[in-house]
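The values are calculated or read from the model by the stated rules, or taken from the named source; none is laboratory data. Bear in mind that the values here come from a model prediction, so they are computed numbers and not experimental data. Because the Cβ atoms are built from the backbone with ideal geometry, glycine has one as well, and the counts that use them run over all protein chains shown. Accessible surface areas use protein heavy atoms only, side chains included; no ligands, DNA or RNA. Shrake-Rupley method; radii C 1.70, N 1.55, O 1.52, S 1.80 Å.
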Amino acid sequence: MFNGIVLARVDQRLVHGIVVTRWATETRATRIMVIDDTVSRDEMLKSSMRLSKPVGTGMSIIDTDKAIANFLAGNYANQRVLIVVKEPATYLRLAEAGVEIPGINLGIIFYSEGKKKLSSWVAVDEREEADLRALRDRGIPLSIRYVPSDPEQPLTEI
């Protein structure tokens, strides 16, 4: 069953120029979906994110439980959904609940002390690494790709 997901991206900046202009265009997304339990409760932040969406594109900024319920109910089956989350743990929750994720694009996970760099834009801590392994073990392809014109770098070894 097609659930509408055309891109599942981890990007700690969530909605910004590259997501809106490059990835939404590349995937022909009809809906940009931010799944984040904290951001979904911040009305001011949600309003500012909605200002950046392309004309004619829907936007949802929802918590993980609502996303799970909506996907399992088939609410997006007739759409082209580009999902953006801050951390791999969100995708693990979706997958564990039965949401089929076709693959995950790691775009930006910022480096900080104690993180391991996987690329110039992606660095993971122990929890993120464990979540990525769990997603990989579920058969979900993982790759690093900052913009659509970059070559896709499959993440087969973590």
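Observations, loosely collected:
- Among LEU14, LEU135, LEU45, the residue with the largest mean-square fluctuation in a Gaussian network model of the chain, with springs joining Cα atoms closer than 10 Å, is LEU45.
- Gaussian network model of the chain, Cα within-10 Å springs - most flexible of GLU26, GLU96, GLU126: GLU126
- DSSP-defined antiparallel bridges as percent of all bridges, the chain, nearest 5: 15
- Entry comment: accessible area of segment 8-76 is 48 Å² per residue, from protein heavy atoms only and a probe of 1.4 Å.
- Of all accessible heavy-atom area on segment 34-158, the percent that carbon and sulfur account for (1.4 Å): 49
- Count, lysine Cα pairs under 21 Å in the chain, 8 or more residues apart or across chains: 8
- Amide H contacts of ILE144 (H built 1.01 Å from N, in plane; Pro and chain starts excluded): LEU106, GLN153, LEU155 sit under 5 Å, all sequence-distant by 5 or more or on other chains.
- Virtual spin-label span in nm between ASP137 and SER119, 7 Å along Cα→Cβ: 2.4
- Helical contribution to [θ] at 222 nm, DSSP H n ≥ 4, -39,500 (n - 2.57), averaged over the chain, rounded to 500: -7500 deg cm²/dmol
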